[in-house]
Every structure is written in structure tokens, then in C-alpha cells.
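Please treat every number below as a calculation from the coordinates, not as lab data. Note that the structure is a prediction, hence the values are computed from the model and not measured. Positions of Cβ are backbone-derived with ideal geometry, glycine not excepted, and every protein chain shown enters the neighbour counts.
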Amino acid sequence: MVHGDHGAALPEAFPDKLSTSALAQCAATGRALTTLRREVLAIFAGAPRPLKAYEIVERLSTPSRRVSPISVYRSLDFLIEIGIVHRLATQNAFVARDRDRAQDETLVFMICQCCGDVDEAVLPGMTRSLAATADAHGFRSRGHSIELQGECEDCRSALANPNRRG
Ligand SMILES: [Zn+2]
């Protein structure tokens, strides 16, 4: 099934910043940004909130072209590996970020449980601190992100002023 809103049309909304970051990472590591990887990035560019893998599959698929979930998962794995896409474990969903981060920075994702919006911030110096904590427990951490659950500013003000809309 294909959602009609965006279909698989891509180049118009091609994510320059995302693709530039991805291309730079690929060049640095000698990997290729294949067509499908580019297409997956383009889906992220037009997405207002985190995407589930099946949503990406649906948006890339057309009546004449069926994209397989496994190939989308492989593309996502690649984009995660090069640091462009992040998996939100608590949402079982993915977001793309073009920000170039220093090795020692940890990403904090603030996930609104009312509207699903995700904001992000960087905590400089946090990675070392987290690694030290993990080390003290003999734990090997693979991620450099933290997820916070709550309500965004818009939803909080809507909740505080239920009669004011828009
Ligand atoms: Zn919200």
C-alpha cells in the first residue's frame, strides 16, 4: 500500500544537507551512497517526525516498484553506521540529522509523547562521562544518544490553555 501524499517522488525535496553529510561520510570511509540509500535519506528530508521502517518502505514503493523491507533495513543500518540516521529505541523509529558532531558529544532526543515531535540537543563532553560510567560497570556501550520522554513546549502550552487553539 502506498500513501498518496509523497509517493516515491524524490529529487524535488532532495535533502542537500543530509546528502552532503552522507556523501562526506561515504567519501571518508570509501563507501557508496547507493540510489536506495539516497532515496531513504530523501524520505527523511520531508518527514516532520520519526519514521518507522515500514513507513519508509511504503513511501518508496509504487505500484510498479515494490521496495523490500530488508533492503530498507540495510540502508538504514548503513546510514546509522555513518552517523546520519539515529534509531530511537523507545519509539522503534528513525530520525536523520545532518549535524556534524564531535566524537565527544552525545545527542539528546526529546520526544513529545503528545504530538510525536522530536527535538534534539547536543551534550558536549557527555560521551566520555557516559563511557566512564559504563566502564565502571564493565559495560560496553554502543550508542551515543539519550532519549527523554515528555511533552514539548507547544503541547505543554496547549495543555495549560485548553481553550486557545492555533
Ligand atoms: Zn508535542
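For the Cα trace of the chain, dividing Rg by the Kirkwood Rh returns an Rg/Rh value of 1.01. Converting phi to 3J(HN,Hα) with the Karplus coefficients 6.51, -1.76 and 1.60 and the offset θ = phi - 60°, the range 57-65 yields 4, 5, 6, 7, 8, 10, x, 9, 9 Hz in sequence order, with x at every glycine or proline.
Which semi-axis lengths, in whole Å and largest first, follow from the square roots of five times the eigenvalues of the Cα gyration tensor of the range 101-166?
Values: eigenvalues 224, 27, 14 Å².
Over the Cα atoms of the range 101-166, the ellipsoid semi-axes are 33, 12, 8 Å.
On the basis of the beta-carbon distance and an R0 of 25 Å, S71 and A121 show a calculated FRET efficiency of 0.15.
Entry note, the chain: relative contact order of 19 percent, from Cα contacts under 8 Å with a spacing of 6+ residues. A DSSP coil position with no more than 13 other Cβ atoms inside 10 Å describes the following trypsin sites (Lys or Arg not before Pro) in the range 68-100: R99. Pick out, from L88, T106, S61, the residue whose Cα sits farthest towards the positive end of the charge dipole of the chain, with +1 on the Cβ of Lys and Arg and -1 on the Cβ of Asp and Glu. In the chain, that residue is S61.
Cβ crowding within 10 Å ranks L130, L41 as L130, L41, fewest other Cβ atoms first. Note on the range 77-156: antiparallel DSSP beta bridges, both residues inside, total approximately 65 percent of the bridges counted.
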